[in-house]
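A quick write-up on the structure given underneath.
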Number of protein chains: 2
Amino acid sequence: MLQLRLDESTPLPLYRQLYNQLRTQILDGRLASGSRLPSTRTLAGQLGVARVTVKQAYEQLIAEGYVTSRPGAGTYVIESLPAPLPREEPFRPHLSPWGQRVARVGSRRRTGQRTLPADFIDFGFGRSFPHIFPYDVWRRLLARYLSTDDVMLSRYGSVAGFEPLRAAIASYLRRWRGVRCAPEQVVIVNGVQQALDILARLLLRRGDSVLVENPGYTDAYALFRVHGANLVPLPVDDHGFPVEAIPPELEARVAFVTPANQFPRGGAMPLARRLALLRWAQEQEALVLEDDYDGALRYAERPLAALQGLDQRGHVLYLGSFSKVLFPALRLGYVVLPQALLKPFIQAKGIVDRGAPTLTQAAVADFITEGHFDRHLRRLRRVYGRRRRILAGALQNELPCAVTFSAEPAGLHIMLNLPADYDEAKIVRDAATAGVGVYRGATYHLQPDPPPSILLGFSGLNEQQLREGVRRLASVLC
Amino acid sequence: MLQLRLDESTPLPLYRQLYNQLRTQILDGRLASGSRLPSTRTLAGQLGVARVTVKQAYEQLIAEGYVTSRPGAGTYVIESLPAPLPREEPFRPHLSPWGQRVARVGSRRRTGQRTLPADFIDFGFGRSFPHIFPYDVWRRLLARYLSTDDVMLSRYGSVAGFEPLRAAIASYLRRWRGVRCAPEQVVIVNGVQQALDILARLLLRRGDSVLVENPGYTDAYALFRVHGANLVPLPVDDHGFPVEAIPPELEARVAFVTPANQFPRGGAMPLARRLALLRWAQEQEALVLEDDYDGALRYAERPLAALQGLDQRGHVLYLGSFSKVLFPALRLGYVVLPQALLKPFIQAKGIVDRGAPTLTQAAVADFITEGHFDRHLRRLRRVYGRRRRILAGALQNELPCAVTFSAEPAGLHIMLNLPADYDEAKIVRDAATAGVGVYRGATYHLQPDPPPSILLGFSGLNEQQLREGVRRLASVLC
């Protein structure tokens, strides 16, 4: 007599439950090789189910080779099944050296949302401000490509990206960012992180030195570390990466910089430093990765031209993303490559990942070429610029003057440099208690005990929230 | 006197052209350090443009540090600029060993579409058949998440994927594929290739052996090769991967298999081989990568349960994708991981790439949980099953009987095994001339001179095209 229990209250069909239980009993030996199963009629009667249910279960077992049906003689567990596998402890596979480095570096990504009181003012950053985005336009552009016969949904896209999007980005970068590039040099990626992952693999040998800013974009640094690179951090000042402080004897393959607006400290790299960095790259035969993560978000005058535009020899790779200027969930970035790296990069991308979704790429291409992007950028600059002014003004009025921050009218957050005797972790905790969310600067520093600093994103808060948030922060800091 | 030429017919604003030209002349030394620029009024007059145009160009040059304005005295090129960079040959960066392997492996991806005569019948494969997809439903589900205040567009998603989608996939896999998994074991990726790229790095040391099928899914093999793995191909037969032929002395870390329907030959792996493969993995402490690329597309009975469902110890990783069952441009795949690999995989994914677009994930989750996916799969099975029957019947009737193919009623293509004296390259060429597109099997073989074979995808062709296509092919083969 078989031990079977069917449950009508679960979503799994009865025949599937029956199949599962019989299968398990065959595999673990309770139903022995060669033994005969009850007839479908008998078993249906015993279980109180329709005969077709038993029949379907048997048919699936036959199709998968657990049992065999001899016409007129019934259904038998097959003879040749290997002995059941012993149940043991779960298998723990060994990780490669790369996997072990990943486990050590860990991941600092924010993966969820905290639940906060309703009047909590969260100076969260690294996100866009959704209310500004022209959803009506976006919806219309997406719908345009959702017609049933459109080939764009049914084929794999090009590895390097959807051609019209590459052309639209090249044109945008020439107009707004002073980048020198042909459309073919623009390759679409699933965000800057993917571009860096491919570049690190293409360019870095284990132990190669990579020059980086400190504090800086530590997500990129984690990647370089996992690839076995030796990070050489230089302390940034109000003018970004201190090129003149590069140790003359250092042999670095790559420098990673944010010239338009140093992340997270703020500050633009002046021309003299830019030219000196290019000269260094030329002398060292090194590459400069220019992460222009928010170069378009400058509020005083036109955005400063990208470093890439000064480079005549192919030493600069330009990295951009739509996360800050459209919305993060879009997951589209791009890299502008010098000719010499174009083919290797596209080949590598073709091997490790196919292209980004064609539909989204087509919609973004139209968003740019039909003028919505320029309009949207102008609007972002107006709105964010105003928020930054309000925040900066409130900070200046309310906070002790020993607290400083970059005057650069750019970006989506302000980093406050605190006096050395402040305890940044305590400030963040106390601020949360006072109803305001601010973020630790230590996350972005490479040394174990960095000078205290906190970060305030302003893009998601309105004027009243900005002022009230600063008041609450001041009550903690003063 | 400055050499400047402005062109009103280009899309670049005049002030931007002027800025570009002045910048270039400063950088290459034609405008010397310390020299005085003409007044805005004078230059505007010379160029015949509005004075505001010259002013804007000067302001940008001032903002970027090329020139400086001394009140009352005019505008001067700054003094401290480093000497101009010598113009040299483009820089050719050295590639890492990984980069050099990429260059050797190259990429075989299809990146574009050929232009073909109107009555050409293309047995292309690896694509879905867009006319079946319920675009109206899809459009409605996407639109649901396009409302302006939706947090889903404005935040980065979770690295492991959108929770409701992970739960929906887990439930689908339990119901349709016999996979044993909790939602937390399901991680969303940008396609199977990304999952393999991460797994290869997590698991493989340089020189580790990887067991693979031959012929097989060579895109995956290119990836293993680039990671420095040693491929050990075993020739498949009508029942897939020949487990009994694994060399007993071989120490392999990983086996890559397609048990539901061997790619590209066709054929399901019977139970005995599946159990033997699990036993091998257990004895070798190896992992089995089960690529279930089209396991849901089986036309005779319910799909065969996945190998993963037989595994009790965490030796099997299950890889799935929506490319074949929804549409390729979606770029969504998933991997079901044993508990021991969950954390390392998610950490690695967090470092090398952020999550997939939240909007698409949310729409796919609803597509599954609201029953559209099950309905769509039933429809696909009906339509594709019919097409396969028609193609198989036509092949049987029209082709020489020395040409064989798998009888397995599954997948989206049929691979024809040709007699040894056939020249497959010539057949593909001749077929194209006869107005029918068929594809070389050699692409999927690992040996230099494989037995001749050709592939015919049937999902994109209607009954009449299938029959006529086979007639044209027969005229070439007979």
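With a ≥ b ≥ c the root eigenvalues of the C-alpha gyration tensor of segment B:411-478, is it rounded (a/c under 1.5), prolate (a/b larger than b/c) or oblate? Mind showing how you got there, number by number?
Values: a/c = 2.28, a/b = 1.44, b/c = 1.58.
Oblate, since a/c reaches 1.5 and b/c is not below a/b.
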(request) Please give, to one decimal in nm, the separation of the simple spin-label points placed at residue A:232 and residue B:137, each 7 Å out from Cα toward the Cβ. (result) 5.8
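Taking a quarter of the surface of the convex hull around the Cα atoms of segment A:350-478, what do you get in nm²? Write out the running numbers ahead of the final one.
Details: hull surface 45.5 nm².
Average projection, Cα convex hull of segment A:350-478: 11.4 nm².
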(request) Let me see the pair-distance distribution of segment A:262-411: every alpha carbon pair, 10 Å bin width, integer percents in order. (result) 9, 30, 33, 22, 6, 1
(request) Tell me the distances, shortest first, between residue A:248 and the same position across the other copies, using label points 7 Å along Cα→Cβ, in nm to one decimal. (result) 6.8
(message) I'd like the distance between the alpha-carbon centres of segment B:206-260 and segment A:48-73, rounded to an integer number of Å.
(response) 34
(message) Regarding segment B:14-77, what's the average projected area of the Cα-atom convex hull, expressed in nm²?
(response) 3.9
(request) Treating each Cα of segment B:131-374 as an identical point scatterer and ignoring solvent, apply the Debye formula and state log10 I(q)/I(0) at q = 0.07 Å⁻¹. (result) -0.23
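What is the sum of charges, Lys and Arg at +1 and Asp and Glu at -1, for the other residues whose Cβ falls under 13 Å from the Cβ of residue A:232? Intermediate values should be presented prior to the final figure.
Numbers: positive: A:225, A:253; negative: A:208, A:213, A:249, A:251.
Charge balance near residue A:232 sits at -2.
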(request) First select every other residue whose beta carbon is under 11 angstrom from the beta carbon of residue B:478; then total the charges, Lys and Arg +1, Asp and Glu -1. (result) 0
(message) In segment B:32-57, whose amide N lies under 11 Å from the spot 7 Å out along Cα-to-Cβ of residue B:68? List them in ranges.
(response) B:34
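Rounded to the nearest 0.05, what FRET efficiency do residue B:32 and residue A:386 give with R0 = 35 Å and r taken as the Cβ-Cβ distance? Could you check?
0.30
How many percent of all Cα-Cα pairs in segment A:198-243 sit more than 15 Å apart? Don't skip to the answer; put the middle values down first.
Details: 429 of 1035 pairs.
Percent of Cα pairs beyond 15 Å in segment A:198-243: 41.
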(request) Return the calculated 222 nm mean residue ellipticity for chain A, to the nearest 500 deg cm²/dmol, obtained by summing -39500 (n - 2.57) across DSSP H runs with n ≥ 4 and dividing by the residue count. (result) -12000 deg cm²/dmol
(message) Please compute the contact order of chain A in relative form: average sequence separation of alpha-carbon pairs under 8 Å and at least six residues apart, divided by the residue count, as a percent.
(response) 17
(message) Given Cβ point charges of +1 (Lys, Arg) and -1 (Asp, Glu) and nothing else, what value in debye, to the nearest 20, does the dipole of segment A:231-298 about its Cα centre take?
(response) 160
(message) Can you tell me, using C-alpha contacts under 8 Å and at least 6 residues apart, the relative contact order of segment B:131-374 as a whole percent?
(response) 28
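Classify segment B:189-302: rounded, prolate or oblate, from the alpha-carbon gyration tensor (a ≥ b ≥ c, eigenvalue square roots; a/c under 1.5 rounded; otherwise prolate if a/b is larger than b/c)?
Numbers: a/c = 1.79, a/b = 1.22, b/c = 1.46.
Oblate.
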(request) Taking amide H positions as placed in the peptide plane 1.01 Å from N, state which residues far from residue A:122 in sequence (5 or more) or on other chains have amide H under 5 Å from it. (result) A:437
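Counting only other residues whose beta carbon sits under 13 Å from that of residue A:335, what net charge do I get with K and R as +1, D and E as -1? Write down the numbers at each step before the final one.
Values: positive: A:166, A:349; negative: A:184, A:197, A:290, A:291, A:292.
Result for the local shell: -3.
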(message) Can you tell me how chain B classifies by the Cα gyration tensor, rounded, prolate or oblate, using a/c under 1.5 as the rounded cut?
(response) prolate
(request) Could you check the simple spin-label distance between residue B:244 and residue A:443, using points 7 Å along Cα→Cβ, in nm with one decimal? (result) 5.8
(message) Can you give the longest run of chain B that contains no GluC sites (Glu not before Pro) sitting in a DSSP loop with at most 14 other Cβ atoms inside 10 Å?
(response) B:89-248
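According to the Kirkwood expression over distinct Cα-Cα pairs, how big is the hydrodynamic radius of the protein assembly as shown, in Å? Show your work: numbers first, answer last.
Details: mean 1/r = 0.0325 Å⁻¹.
One decimal place: 30.7 Å for the Kirkwood radius.
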(request) Hey, can you grab everything whose amide H is under 5 Å from the amide H of residue A:404? Only 5+ residues off in sequence or another chain; H modelled, so Pro and N-termini drop out. (result) A:417
(message) Roughly how far apart, in whole Å, are the Cα centres of segment A:421-478 and segment A:329-344?
(response) 35
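Please identify the helices of chain A, taking whole runs of DSSP H, that span at least 24 Å along their own axis as judged from the Cα atoms and have a mean Kyte-Doolittle score of 1.0 or higher.
Result, helices passing both filters: zero.
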(request) Would you list which lysines come within 27 Å of residue B:324, measuring only between C-alpha atoms, while excluding same-chain residues fewer than 8 positions from it? (result) A:349, B:349
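Read the figures in this text as sums done on the coordinates, not as results from a lab. These figures come from a predicted structure and were not determined experimentally. Heads up, the Cβs are rebuilt from the backbone with ideal geometry, glycines too, and the neighbour counts pull from every protein chain shown.
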